[in-house]
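The numbers here are math on the coordinates, done by the rules we state, and not lab data. None of these values were measured; they are calculated from a predicted model. Please note: Cβ atoms are built from the backbone with ideal geometry, for glycine as well, and neighbour counts cover all protein chains shown.
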């Protein structure tokens with residue numbers, strides 16, 4: 001009797017705690033507005049970021065943190081040191097004799113991401129870099145329930161493709177751009193999640209993204225968000241029957257908006273094929289992949305399989321919450337992102353379908 005009572009009492013307490021946590025649940029919110037210029041000759045870029053941060057926590061915040069992920073791709077970084085000292089390093093990040101590929105990067109091949117100026121509600125703030133983390137001491141605390149606006153200028157260099165992000169992948173994709181911008185760290189009931197980047201999983205704050213990307217006009221871009229100026233851009237995004245005007249100059253500015261996501265990924269290549277498919281009563285699917293005879297048949301056949309997968313998950317799990325999803329050749333394996341995924345493309349058909357379904361399920 002005593003044992004049964006204790007079991008019942010413990011379960012009752014657990015339910016009470018769960019109910020209390022659910023009732024008091026909160027999460028932070030961010031709105032990003034960014035404009036970025038990418039130089040495809042040296043893979044360096046500059047950008048501006050306006051970030052409106054809503055503190056939905058019960059706490060007053062005196063400091064915030066940003067992730068600067070590309071700083072991990074430098075000799076001597078925490079990720080590099082980890083690769084050199086663990087027994088089973090990721091084979092994609094090491095040479096055949098188990099040496100860190102990061103340690104071997106030339107200066108022009110390394111990655112970096114730096115904030116060059118930062119204000120909070122118009123006032124200068126003190127900030128410093130600690131590896132892949134930007135530490136920001138606020139000009140004034142952010143009270144519980146309040147908003148604060150940060151304006152930042154930043155610059156970066158895209159590293160040689162080693163893990164997830166990067167340039168010039170082994171399959172020849174020019175740019176796989178995930179975790180490329182100064183990204184506000186998550187703050188939740190456990191506190192700040194300002195962990196150094198050592199190639200593990202990501203966490204982000206949910207919010208809206210408004211991104212303008214200026215890049216060489218020969219590059220086709222795909223990724224997170226809805227393209228706002230499709231009939232000006234073309235590249236297969238234009239409304240059927242629209243005659244796209246030839247733009248003057250060497251670049252195009254792509255304008256994307258993404259509602260309620262926790263990240264913004266994009267990929268670009270001058271040799272992408274862009275196909276579009278419509279899921280019945282579902283989202284538009286975009287497929288971007290290299291014009292490579294070895295993979296064309298598989299990528300064409302992948303498209304109806306993606307429709308099947310989207311319909312299956314929508315029926316058995318829940319309706320996909322966005323009106324668009326992009327499957328893009330890039331990266332170094334398979335990784336899900338907001339409204340999109342990056343997949344290496346030169347693989348057997350069964351593997352291609354399997355990875356697509358796996359990432360879509362995320």
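Quick notes on this structure:
- In summary, segment 54-157 shows an alpha-carbon radius of gyration equal to 1.39 times the 2.2 N^0.38 Å reference for compact globular proteins.
- With both labels modelled 7 Å from their Cα along Cα-to-Cβ, the residue 135 to residue 31 distance reads 3.1 nm.
- For a label point 7 Å along the Cα-to-beta-carbon line of residue 41, residues of segment 154-175 with backbone N under 18 Å: 156-158
- Computed from label points 7 Å out along Cα-Cβ, the spacing between residue 85 and residue 361 is 3.6 nm.
- When 242, 344, 46 are arranged by Cβ crowding within 10 Å, least crowded first, meaning fewest neighbours, the order is 242, 46, 344.
- Length released on extending from residue 351 to residue 106, taking residue separation times 0.36 nm less the Cα-Cα span: 84.8 nm
- Kirkwood hydrodynamic radius over Cα pairs of segment 214-362, then Stokes diffusion coefficient at 37 °C and 0.692 mPa s, in µm²/s: 208 µm²/s
- Computed on segment 25-205, the Cα convex hull volume stands at 122 Å³ per residue.
- Full-extension gain in nm, residue 50 to residue 149, via 0.36 nm per residue minus C-alpha separation: 34.9 nm
- Orientation-averaged projection of segment 123-279 equals 12.8 nm² [convex hull of Cα atoms, one quarter of hull surface area].
- Segment 192-253: C-alpha gyration tensor shape, a/c 1.5 cut-off, then a/b vs b/c: prolate
- Cα point-scatterer Debye curve for segment 129-222, base-10 log of I(q)/I(0) at q = 0.23 Å⁻¹: -1.55
- Legend: calculated FRET efficiency, residue 128 to residue 228, from the Cβ-Cβ distance at R0 = 41 Å, rounded to 0.05, equals 0.70.
- The chain, Cα convex hull volume normalised per residue, Å³: 190 Å³
- Euclidean distance of C-alpha centroids, segment 121-145 and segment 171-239, integer Å: 23 Å
- Sorted fewest first by neighbouring Cβ atoms within 10 angstrom, 180, 254, 26 come out as 26, 180, 254.
- Simple spin-label estimate for residue 97 and residue 206 gives 5.0 nm between the two label positions (7 Å along the Cα-to-Cβ direction from each Cα).
- Within segment 276-362, the proportion of Cα pairs with more than 20 Å between them is 25 percent.
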